[in-house]
Amino acid sequence: MSILIFLLTLLGALAVGAPVALALMISGAALMLQLDNFDAQIVASNMVNGVDNFIFLAVPFFILAGELMNVGGLSKRIVSMAIVLVGHLRGGLGYVVIVASVLMASLSGSAIADSAAMAALLLPMMKSAGYEEGRSAGLVAAGGIIAPIIPPSIGLIMYGVVANVSITKLFIAGIVPGLLMGTVLAAMWWWLNRDTKLHVSSRASAKEVWRALGTGFWALMMPVIIVGGLRFGIFTPTESAVVAVAYALFVGAYIYKELTLKSVYMCLVSASRTTAVVMFIVGAAFVSAWMITIANLPAQLGSLLGTISDQPMVLMALMMAITIVVGTALDFTPMVLILTPIMVPVAKAAGIDTVYFGVLFIMCVAIGLLTPPVGNVINVVASVSKLRFEKVVRGVGPFLLAEVFVVVLLVLFPELVLTPLEWLY
């Protein structure tokens, strides 16, 4: 009964157009009323205490680092370097999108920011070179969702806080799955364009390659510093976010010389607005999360799944399928904060490693950014490229299937996540 009340109130509030944060508070309040312990002070205290966590400081700093990266020229250098390296291949600009998406994912951790930057930088070039617009936009959108998986990932930070899992382990465990997603996107792009006549640019000379690598070196050093610092215990995930901001500020202002005081101010304003929205949703979600625990919803869900709780692989596949389906209706942040406290206890009871579960869970939540009717990444790409939403949805279809294939592969072979984690951690 509690599960039904929670879902009906949450989905009902969203259906009538309530903001996500308000819908989360309403669903939490509904559970309070059902358990006869409603108290407005509980709502307020859970919102405040939920965001009063040192680790959450990483969220605004990584958001700011992404803003500084885009305005300071780091994104542009990454794209230029990818063009020089793979732009001469058949369908080369598609491979540029994939390589640049993987590299930019290791800088910002934001699917929305990366997709917007890639759409603005590369889609006009792909259009002028004769690439099919919908397919190109779909590839950009599919590449954008690699950002929440490869460190630094805001989604993994949120999951780690709510599930009480090591964020450093989550960051390191996300590297191989993120690279696998880039690999299958490249394979699908090759398959779709194997018989297509596309403009092929000339191969860059050795001098041009070295020049591009030289200018892109400073941008490439950011993920090296972040991952290396975490791996060797030089700083915590929260401290790594501050390091990322300082590095992006230094490189953008003094190396590439594209950051000005005015642009830094605009980055601060934009990051503050985004942070306010995200953290208000986080606070509201902690009201629901607290009531989910009090109402013992994980145990109720576990009893419903009791027949397969002794089959971890089947249970994992079912929970990932549920996550992808829910992703068609909910956005990234509320999904992480609502489903984590429900699913993690069920996964623990079945003996599933919580780091492994977290990486696949965030992958499935990220896939939700590509599924209509919500599909925020699709909306962003369509808006920036001035294409119809339906055209981008059709274009993203094959790449969406390729990324779902990666999830299936990782469900069947958990060692693909756990073995590299043991080697790298």
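Identify, from the list 154, 146, 98, the residue that is in contact with a Gly (Cβ under 6 Å, 6 or more places away or on another chain), modelled with pLDDT of 85 or more, under 30 Å from residue 49 (Cα atoms) and of a type in the set (A, V, I, L, M, F, W, C). So that I can check it myself, show each step before the final result.
Working: 146 fails: under 30 Å from residue 49 (Cα atoms); 98 fails: under 30 Å from residue 49 (Cα atoms).
When all the criteria are applied, what remains is 154.
Does residue 43 count as surrounded by fewer than 21 Cβ atoms within 10 Å (Cβ to Cβ), farther than 30 Å from residue 252 by Cβ and either touching a residue at least 24 places away in the same chain (Cβ under 8 Å) or in contact with a strand residue (DSSP E or B) (Cβ under 9 Å, 6 or more places away or on another chain) (or both)? Let's see the steps before the verdict.
Details: surrounded by fewer than 21 Cβ atoms within 10 Å (Cβ to Cβ): yes; farther than 30 Å from residue 252 by Cβ: yes; either touching a residue at least 24 places away in the same chain (Cβ under 8 Å) or in contact with a strand residue (DSSP E or B) (Cβ under 9 Å, 6 or more places away or on another chain) (or both): yes.
Here the answer is yes, as residue 43 does meet what is asked.
Kindly indicate which of 212, 219 is outside any loop (DSSP other than H, G, I, E, B) and either over 21 Å from residue 62 (Cα atoms) or of a type in the set (Phe, Trp, Tyr) (or both). Outline the logic, then answer.
Numbers: 219 fails: either over 21 Å from residue 62 (Cα atoms) or of a type in the set (Phe, Trp, Tyr) (or both).
None of the other options fit; the residue is 212.
Residues that are of a type outside the set (Asp, Glu) and in contact with a Leu (Cβ under 6 Å, 6 or more places away or on another chain): find the helices (runs of 4 or more DSSP H) completely inside the stretch 34-137 holding 1 or more of those. Walk me through how you get there before you give the answer.
Numbers: elements: 40-51, 58-71, 74-86, 92-108, 111-128.
Hits in the stretch 34-137: 58-71, 74-86, 92-108, 111-128.
Name every residue in the stretch 257-285 that is more than 30 Å from residue 341 (Cβ to Cβ) and part of a helix (DSSP H, G or I), in order of residue number. So that I can check it myself, show each step before the final result.
Filtering the stretch 257-285 for residues more than 30 Å from residue 341 (Cβ to Cβ) gives 257-270.
Of everything in the stretch 257-285, those that are more than 30 Å from residue 341 (Cβ to Cβ) and part of a helix (DSSP H, G or I) turn out to be 261, 262, 263, 264, 265, 266, 267, 268, 269, 270.
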Exercise. Report the residue count in the stretch 371-396 for those that are more than 25 Å from residue 335 (Cα to Cα) and either in contact with a Phe, Trp or Tyr (Cβ under 9 Å, 6 or more places away or on another chain) or not in a helix (DSSP H, G or I) (or both).
Key: 3
Quiz prompt | Checking residue 205 against (1) in contact (Cβ under 8 Å) with a residue 40 or more places away in the chain; (2) surrounded by fewer than 24 Cβ atoms within 10 Å (Cβ to Cβ), the condition it does not meet | solution = (1)
Quiz item: Identify, please: which residue in the stretch 383-404 is surrounded by fewer than 22 Cβ atoms within 10 Å (Cβ to Cβ), among the small types (Gly, Ala, Ser) and more than 16 Å from residue 186 (Cβ to Cβ) and is, among those, modelled with the highest pLDDT?
Solution: 397
Quiz prompt | Single residue of the stretch 222-256 satisfying the filter (among the hydroxyl-bearing types (Ser, Thr, Tyr) and part of a helix (DSSP H, G or I)) that is farthest from the chain's Cα centre (by Cα) | solution = 254
Exercise. For the stretch 118-127, state whether one or more residues are surrounded by fewer than 24 Cβ atoms within 10 Å (Cβ to Cβ) and among the charged types (D, E, K, R).
Key: yes
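Name every residue in the stretch 210-268 that is among the hydroxyl-bearing types (Ser, Thr, Tyr), under 16 Å from residue 77 (Cβ atoms) and surrounded by 15 or more Cβ atoms within 10 Å (Cβ to Cβ), in order of residue number. Walk me through how you get there before you give the answer.
Within the stretch 210-268, the first condition is being among the hydroxyl-bearing types (Ser, Thr, Tyr), and the residues that meet it are 215, 236, 238, 240, 247, 254, 256, 260, 263, 265.
Those left that are additionally under 16 Å from residue 77 (Cβ atoms): 215, 247, 254, 256.
Residues satisfying the conditions are 215, 247, 256.
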Quiz item: Residue check, residue 183 against (1) modelled with pLDDT under 90; (2) among the hydroxyl-bearing types (Ser, Thr, Tyr); (3) assigned to a helix (DSSP H, G or I), all met but one. Which one?
Solution: (1)
Quiz item: On the given criteria, is residue 261 farther than 23 Å from residue 81 by Cβ and among the hydrophobic types (A, V, I, L, M, F, W, C)?
Solution: yes
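The values are calculated or read from the model by the stated rules, or taken from the named source; none is laboratory data. Because the structure is a prediction, the values reported are computed rather than measured. Here the Cβ is made from the backbone with ideal geometry for all residues, glycine too, and neighbour counts use every protein chain on show.
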